[in-house]
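The structure under discussion appears below in the form of structure tokens.
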Amino acid sequence: MRERILMSTAAIIRVHGIGAVTRRAVADRAQCSLALVSYHFGSMQGLIDAVVEQAVIREDLRVLAQGLSVKNPKALKASATLRNRAAKCLA
């Protein structure tokens, strides 16, 4: 279920931006309860951090670009090359 929540959150970010991520939107897309989202990630910041961390690993530039736009610490720790590639997605 954790992976489904991560993937659902990334999909929301890709389509609607990081500001559209809510527990309800994630739970609806992942087809799980709000409690499960909280159980696996604790807070919305924990969820966003986990998704951005996965975006760095998977080189998901659109999600990483959104993380950079809000100065997420996990996004800022990505390599300079990856950050530059992701920044082009925002342009």
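Couple of notes before you dig in:
- First in the stretch 69-91 and within 23 Å of His16 (Cβ to Cβ), second anywhere and in a helix (DSSP H, G or I) and not aliphatic (A, V, I, L, M), Cβ under 6 Å, 6 or more apart: Lys74/Asp49; Lys74/Glu53; Ala75/Gly67; Cys89/Arg62
- Criterion violated by Arg85 - all others in (1) assigned to a helix (DSSP H, G or I); (2) under 27 Å from Ala30 (Cα atoms); (3) at pLDDT 95 or above; (4) not acidic (Asp, Glu) satisfied: (2)
- Filter pass, Glu3 being surrounded by fewer than 17 Cβ atoms within 10 Å (Cβ to Cβ) and assigned to a helix (DSSP H, G or I): yes
- Which listed residue, of Ser79, Ser33, is of a type in the set (S, T, N, Q) and more than 25 Å from Met1 (Cβ to Cβ): Ser79
- Options Gln45, Gln54, Gln66: the member that is under 26 Å from Lys88 (Cα atoms), among the polar types (S, T, N, Q) and surrounded by fewer than 16 Cβ atoms within 10 Å (Cβ to Cβ): Gln45
- Contacts under 7 angstrom Cβ, first residue in the stretch 1-13 being over 16 Å from Met44 (Cβ atoms), partner among the hydrophobic types (A, V, I, L, M, F, W, C) and crowded, with 21+ Cβ neighbours inside 10 Å, 6 or more apart: Arg4/Ala30
- Those residues of the stretch 6-41 which are polar (S, T, N, Q) and either closer than 18 Å to Val70 by Cβ or assigned to a helix (DSSP H, G or I) (or both), in sequence order: Ser8, Thr9, Thr22, Ser38
The values are calculated or read from the model by the stated rules, or taken from the named source; none is laboratory data. Quick caveat: nothing in here was measured; it's all calculated off a predicted structure. Virtual Cβ from ideal backbone geometry, glycine too; neighbours counted across all protein chains shown.
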